[in-house]
1. Between B:LYS121 and B:ARG180, what length in nm is gained on full extension when 0.36 nm per residue of separation is reduced by their alpha carbon distance?
2. Restricting to chain B, compute how many DSSP beta bridges are antiparallel as a %, nearest 5.
3. What is the local net charge at B:GLY113, summed over the other residues whose Cβ is closer than 15 Å to its Cβ (Lys, Arg +1; Asp, Glu -1)?
4. What does the C-alpha gyration tensor say about the overall shape of the range A:118-174? Classify as rounded when a/c is under 1.5, otherwise prolate if a/b is larger than b/c, or oblate.
5. List the aspartates and glutamates whose Cα lies under 17 Å from the Cα of C:LYS321, skipping any in the same chain that are fewer than 8 positions away.
6. Of A:VAL301, B:ASN183, B:TYR58, whose Cα points farthest to the positive end of the dipole of the protein assembly as shown (charges on the beta-carbon: +1 Lys, Arg; -1 Asp, Glu; origin at the Cα centre)?
7. Under the definition of Cα pairs under 8 Å and six or more residues apart, what whole-number percent is the relative contact order of the range C:235-331?
8. With +1 on each Lys and Arg Cβ and -1 on each Asp and Glu Cβ, and nothing else charged, work out how big the dipole of the protein assembly as shown is about its Cα centre, in Debye to the nearest 20.
Amino acid sequence: MGKDTAKLARGPLSLKKELTFQSVMLNYGLYIAMLATFATFAIINDKFLSLNNVVNVFEQAAYYLVCAVGITFVLVSGNNDMSVGSQIAFSSVIATIFLAQGGSIPLSMGMMLVFALVIGLCNGLFVVIIGLPPFIGTIATGYVVRGIAANMTKQETQYGLPAAYTQFAWNKTLGLSNLTWIAIAITLLGLYILHFTSFGRKVFACGGNAKAAEVMGINVKRVKIACYMISALSAAIAAMMLMSRLGAARSGTAETLHTECVAAAVIGGTSLKGGQGSVLGTLLGVFFIAMIRNGLNSQGVNAYWQLVFTGGITLLGAILDSYKSRANAAV
Amino acid sequence: MEQKEKDYLVIEDIHKSFYGVEVLKGVSFSAAAGEVHGLLGGNGAGKSTLMNILGGIYSKDSGRIFIDGKEANITDSKAAERAGIAFIHQELKLFGLRSVAENIMISNLPTKGPFHFVDDKKKNEIAKQYLDEVGLQVSPTTRLDELSIAEQQQVEIAKALSLNAKVLIFDEPTSSLTSRETNILFGIIRQLKKNGACIIYISHKSDEIFEICDKVSVLRNGENVGTRDTANTTNDELVSLIIGRKLDQYFPELPPAPGPEAETVLEVKGLVNKKLNGVSFALRKGEILGLFGLMGAGRSETARAIFGLDHLFSGEIYMEGSQVKISSPRKAMKTGISFLTENRREEGLVLNADIRKNLTFPILSRVSVPGIGCIRAKTEMSLVKEAFKRFLIKATGPEQRAATLSGGNQQKVVLSKWFMTDSKVLILDEPTRGVDIGAKAEIYQLITEMVEKGLSVILISCEESEMMGMCHRILVMRDGEIIGEFQRDETTQEELVGLCIGGKAV
Amino acid sequence: MSGLSKVRSVVFKNATPILLAIFAIFVVVKMPVFFTPDNLISLSSQGAIWGLAAIGMTMLIITGVTDVSVGSQIYLGGVITVRVFQATESMVLGLLCSILVCMAVSAFNGFAIVKVGLPSMITTLAVQQVCNGTASLIIGKDSVITMPDEFSVWGQTRVLGLPISAVLFLALFVVGCVVMNCTKFGRYVYAIGNNSDAMAASGVNVFRIREITFIITGILCGIAGTFNVSRIGGAQFNMGIQMEFSCMAAVVVGGTSMLGGSGNMIGTLLGVFVIAALDQLLRMFSVSVYLYNVFWGGIVLFTVSMDLLKKYQERHERELKNLAAQEDEQS
């Protein structure tokens, strides 16, 4: 009761408070950091901000963006999915083997989507129904599916995709590569579902306050499981894109993808506690990380530095998130 | 003055404000060693704030606390422990998976040998002594969560004794005990009293106060309005102290009460579950039915059971004459029941979402295109704007985050959310808790308007004035049963409160 | 209780021990080869490395924290040992540096998780990446470093017929057991896992206790890192990463609850032995190496789920008991 009366005394929203350094950094920190790093790279390397380079970055990040959009759903619903990288490895390996033996392309895609639904459902069962901690449950399913893929391939890279499949990634439509178009389409679809449909609203409600959502007649468990399935579906689509781009599949692929996706989403304003986030933010986060990677690459920075860098970014995102939610709670 | 010097615990003129709102306005009282001192008062009277100050959880703004004649400076819970104050919490602060002895001795584990290893034998022996002192016959090596709630409470008392506590605060200790367990607890308290402890006993129930306390102080609005010897006072006197003369509150004129011939909307028969012992009543169309009782008496529990949030062992629910099975809030909403829960922050609002989203969560199907689920922004916005106007929500706009609203406006958001569902029955659990007086009046007005339009309301409250001002008919609950039914003009506040706290009715 | 629910109760409460017993009987009857000295030595030298980390992990999981960075700390510590040895020819110095670095990493983990309040999984995951990246950077282009024979002295010496790392593991394990069972510190660790708030209310410095559990884990990882490289006789890319999953599997198989508050060291010893034995068995059955991960993932999913089901079952039975008591009183 004390807190409510306190808020009353302070008025609903004092503008003064909104404009402190802290709140500016919390709300616009990403943009400021983005501008600063872009400026730095642009000074070092005049090609950095060229249209060509930006388009190129976008194309490289396409599959990762698709994955991150899926993970955003899981994060907003208040859970986490650490298995997406393994899912990509699993479904791309199976589909590549299938296609190399002369299987039909639509059938392979259908197969991947069905597998995705099953894996997503398993994640949902373990985390939502049995109640495993989301991280443990999804990491463990990730281990299982990646292990199966490794066993099928003996960790050898699988080739033999039909030319039509591999060519797709390199063809351009209206000046942008097909993969970029797919990523844009998936992002728009994700944006639409999360922000403009009743299902999206329910995701926010479940992540923001599961108890209240239950009282408001929302089937919380079903929504949360559906989010896992969405994440798995987007991972399957990302796997198709990766196969097309690389012309091959490997069981060891995308090992750090889940951290990168979570980092991108969190940097883009999605909360690790659930109930807050946006697909646009995730898009920005992905773009930010991809641009920095590109900048580092063009300066010839070692790939392992980039691992260190992603870890650092993830920590930064987590710290930002924790301060943000503390600031929100203190209002 | 002489009396005061003898007293073991003296509290003088304690003030406490939260963000500029004064919750304690100079409370003073004192209790002697070997005395059980009761503390009575309605919700928000300041009992728990005062006790939290004693326990070192809040710090006081001004005022002094003396223990055994010396001023005690209680800055945190450790300092309270050193001063010999122990708090027996409503929700137990224990370690469920550890042994009973470990729980009692965790703050001062005995050690032995050159490496200061924990001396388990000695630990169990000492713990056994304290267990004997509170008369709990369990082995010190039992895992704590194998004990019943009552036994766990006894462990907590034993823990307090092991810390040499001389002042023991019991905060509604009987709320989850059966009558046999309550008797055991009273035995322990009497024993502690004999050994010279100073005991503060917070309760809602006056029969308990009369049974166990030597003196009783009544708090109202952050002040001590009277201390009495229980031997020289009556239930009536306590009731009048608790109620006091309230500020005149504005209640709107209610629409006429529907007579017995009016159509019955909702009827429940013999609801039984863990907290309910056969609750039956009927709600007429256009009626405001009050459910009055203390916390834990079964009022909220009845509502939760009807709404499908709590499991029912048996009982029947009829909606407009036909029996319905309600297993989840979804089903309840489909049959036309809405429920405003008592804690809006935990169960009412998605605090991080904006007002617009919060308003339309329960009616998403109405504001979206069927099949594909696309939100029709225009429809939604016009509904939201209408709600703003009709239900007097004051905010910077529909995009303001619910967390940043004042309590009253938050409550209006939750209320409008349920008004907009067009349900036939609305259950309101403490709709004006934590709401300022202005917003309160507006909320009452809104409820009346909706009832005039044919809504039927069940109003749950522990404020007797709200019952008298807002209900056509009042049901009084105690221990999971309905123990009285009154028409609005047939009863008095004193009668209602007296019935609730369990003394004889006036 | 009906027959069926009785069976369910027994199975839910004892699933893991039952399975372990079946496993043990199977091994004893079917695989007498398993108990040959060579086999046991090979088993113990492997298991001892991550077993060391599992000692610390047990403490962490009891306080309710999951640390997925231990494998990478072992990797980093090993690489540092190699480099320090190359520079100074001193094994002791290598060990000290390894310990110091891992201690610092774990201390950071502790600070970020306990003091700043970041989610433990995301933090340790980010730290895992940073450690992996850093270690790979230190190895540099070589990707495999082979060391002279004197470097392997520690890792390959036998004491009483056992590898020195196994002896060290057993010794430190005994110390761990004593610390957890006989000291105030150990009791506080359990109590914090049970109810951290109540512990803080009794005036114990919760942050300090928890930080110490992290530091202990760091020290153990440092030791494990040194012995790992010494056993292999050099360093290579990504050695030891993913060891955290063997650790986690051992700890949960040993009966420590992922929810915190309960568990014990002896269980972990048993768990380490079981996982190491399983590892060895998979080898002996010439099960594909690639399937190992499937097993570890499956084991974690199974044991953690069973632990949760056991908790549900216990709560259910307690409620039934309370209800019966109430009815008793009324009648």
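Laboratory data are not the source of any read-out in this text; all were calculated from the coordinates shown. All of these numbers come straight from a predicted model, not from anything done at the bench. FYI the Cβ positions are ideal-geometry reconstructions off the backbone, even for glycines, and counts take in every protein chain you see.
1. Going from the current span to full extension adds 18.0 nm.
2. Once the DSSP bridges in chain B are tallied, antiparallel ones form about 55 percent.
3. So the surrounding residues net to +3.
4. It comes out oblate by the Cα gyration axes.
5. B:ASP145, B:GLU146, B:GLU151, B:GLU181, C:GLU329
6. A:VAL301
7. 25
8. Numbers: 103 positive and 95 negative charges, 534 e Å.
Magnitude of the dipole: close to 2560 debye.
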